[in-house]
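Accompanying notes for the structure given below.
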Amino acid sequence: MFELTSKLFNTLGYIIAMAFFFSRFKIAKNIFTREKHTKKDILILSIVFSSLAIFGTHIGVEYNGAIANTRNVGIIVGGILAGPEVALISAFIASLHRITSGINTLTAIPCSIATLFGGFITSYLYKKSNSTNRSFLGFCAGIMIENLSMLLILLMTTDKNLALDIVKNLYLPMLFINGIGAAGIIIITEEILEEKEREAANQAKLALEIANKTLPFFKKGESLDNVCQILLESLNAETVAITNKKYIIANSFKNKGINLKNQEIQSKATKNVLSSGDVLIFDRNSEFNDFSYFEDNVKSCIITPLFQDEKVSGTLKIYFKNEESITARKKYLAIGLSQLISTQLEISRMDNFKAMARDAELKALQAQINPHFLFNALNTTASFVRFDPAKAREIIIDLSVYLRYNLENSANLVPLEKELEQVKAYINIEKARFHNKFKVFYDFDENINDVKIPSLTIQPLVENSIKHGILKQRDLGIIKISIKKINLKGYLISIEDNGTGIDLEIIKNINTKIEKNIGLKNVHNRLKLIYGNGLIIKRLENGTKISFYIN
């Protein structure tokens, strides 16, 4: 029995090696980390794990017309990690192969039946699995399937003495190897796949820390040299510089004796990035001689473009000690930081944007887009980074949609669907921030995609409902956003909440000079200017309803 167990360990080693190499491939990581598998994903995984099962049959150890094998390990691992579809398809293929291959036919039928049922057993256990118990359930599946296999051998083999001998000598080795093997491969595979999530989470955390540190300097309009210094320390770089299209506008060096600020751009590499808009990574051996100001220990550089209005407006340049310092992780982090800086530079120019706005009242509304919202959104994101990285990424995406919409749209009419994208992004951020203290229901007529609306019209009203109605009560808040067609060209848009109810003084003074309740009055006055009628505000028995007409 010991010799048999030793040989089974050797065959299990092959299976572990194959599973290990597959899990290292990028396609495997992408498939396993998806919340829902496509038909293509299921096909690929079924082929892989049924192949492991078939391979486990072929490299098994022959014993008196039976095979001591690791076939069921592939079925269990595939089912526990990838779901019922993969378990059932792999089990069917491996079972069919076992019964038709002609290998040691004495136990072919009971073993193939056990493998087929193993697919159903694993499918059931998958529904009970989570991130903490998958390996244990894999072990349990191995024990159950092998017990079933041995039972079927005893029941279906005509030579009972031979069947008893097979079970007596194979039972413990098969039980142990398949149970431990399945659990071990699941642990190894999960550890490899979690590397990607941990790396993404750490990268997001570092980016958010940098954002939190740099945002005050953008807010105060202070020198970008402070931003460069923060990046220098956070990335363990030798030099960081920010340029516009002609000059170096900020820099920070570990060697404090160097300062290139306000010098005209001479670097061929920087000009290349400004021209192409592509990320550039190079070292001292490349065609770009961009190291003349540095000591010999500075050997590599990454230059990423900065954008404004989708056009290259400058660059972020980061220099490191050696070529190995620019890993794939640092490359993508630098790209993310350049996008962050681009957004923050746009935010810092908001005063200029407001001064250029055609509509003076829109200036007051845009002035509400202040850094407090950014701080709150970033802090909310940071709180999700450790325990829910996927949610943190969703908030970052919603924040970028919200900010870009506010920055790119001024007094122009915009498609209603674009306005609603911004509204939904704002709602998602606030839901995450206030832990789903409120729900939002949408009631839209069909064919509203061609409708145009003044930008920043619906979101301030939703914000008013949340801040001044929903958050002032303990009960669950309900917000209803309705868009209804009322004639050939006209639409009625309503925002209703079950909050504490609007102050009647606000309704009374809605047409007075803008000093307080800027968002509400601003939307009211702009609608009057464009359509002749402003907001219709009603205090309900429970809450507030605000409506307006567009045509």
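The values are calculated or read from the model by the stated rules, or taken from the named source; none is laboratory data. These figures come from a predicted structure and were not determined experimentally. With ideal geometry, Cβ positions are generated from the backbone for all residues, glycine too; neighbour counts draw on all protein chains shown. In case anyone asks, the SASA skips ligands and DNA or RNA and just uses the protein heavy atoms, side chains included. Shrake-Rupley method; radii C 1.70, N 1.55, O 1.52, S 1.80 Å.
Since Leu504 meets every condition but one in (1) in contact with a Lys or Arg (Cβ under 9 Å, 6 or more places away or on another chain); (2) of a type in the set (A, V, I, L, M); (3) modelled with pLDDT under 90; (4) buried (at least 16 other Cβ atoms within 10 Å of the Cβ), which condition does it not meet?
The failed condition is (4).
Would region 208-219 turn up any residue that is modelled with pLDDT of 85 or more and either loosely packed, with under 15 Cβ neighbours inside 10 Å or not aromatic (Phe, Trp, Tyr) (or both)?
Scanning region 208-219 turns up no residue that is modelled with pLDDT of 85 or more and either loosely packed, with under 15 Cβ neighbours inside 10 Å or not aromatic (Phe, Trp, Tyr) (or both).
So, of the residues in region 232-283 that are over 15 Å from Pro305 (Cα atoms) and acidic (Asp, Glu), which turns out to be surrounded by the most Cβ atoms within 10 Å (Cβ to Cβ)?
Ranking the qualifying residues of region 232-283, first place goes to Glu238.
Of all residues in region 1-22, which are touching a Leu at 6+ places or on another chain (Cβ under 9 Å) and modelled with pLDDT of 70 or more?
Going through region 1-22, the residues touching a Leu at 6+ places or on another chain (Cβ under 9 Å) turn out to be 1, 4-5, 15, 18-19, 22.
Listed by number, the residues that qualify are Ile15, Met18, Ala19, Phe22.
Considering (1) modelled with pLDDT of 80 or more; (2) out of contact with any Lys or Arg (no Cβ under 9 Å at 6 or more places or on another chain); (3) of a type in the set (Gly, Ala, Ser), say which one Ser313 fails and leave the rest.
So Ser313 meets the others, but not (2).
Would you check if Gly490 is more than 20 Å from Asn542 (Cβ to Cβ), open to solvent by less than 50 Å² (accessible area, probe 1.4 Å) and in contact (Cβ under 8 Å) with a residue 40 or more places away in the chain?
Details: more than 20 Å from Asn542 (Cβ to Cβ): yes; open to solvent by less than 50 Å² (accessible area, probe 1.4 Å): yes; in contact (Cβ under 8 Å) with a residue 40 or more places away in the chain: yes.
For Gly490, the condition - more than 20 Å from Asn542 (Cβ to Cβ), open to solvent by less than 50 Å² (accessible area, probe 1.4 Å) and in contact (Cβ under 8 Å) with a residue 40 or more places away in the chain - is met.
What are the residues in region 106-140 that are among the hydrophobic types (A, V, I, L, M, F, W, C), out of contact with any Ser or Thr (no Cβ under 7 Å at 6 or more places or on another chain) and within 10 Å of Ile76 (Cβ to Cβ), if any?
Answer for region 106-140, where residues must be among the hydrophobic types (A, V, I, L, M, F, W, C), out of contact with any Ser or Thr (no Cβ under 7 Å at 6 or more places or on another chain) and within 10 Å of Ile76 (Cβ to Cβ): Ile121, Leu125, Phe139, Cys140.
Residues being among the basic types (Lys, Arg) and in a helix (DSSP H, G or I): count how many of those fall in region 254-286. Reasoning before the result, please.
First, pick out the residues of region 254-286 that are among the basic types (Lys, Arg): 254, 256, 261, 268, 271, 284.
If we keep only those that are in a helix (DSSP H, G or I) as well, we get 268, 271.
Qualifying residue count for the region: 2.
Which one of these is modelled with pLDDT of 85 or more and under 16 Å from Glu238 (Cα atoms): Ile265, Ile303?
Only one candidate qualifies: Ile303.
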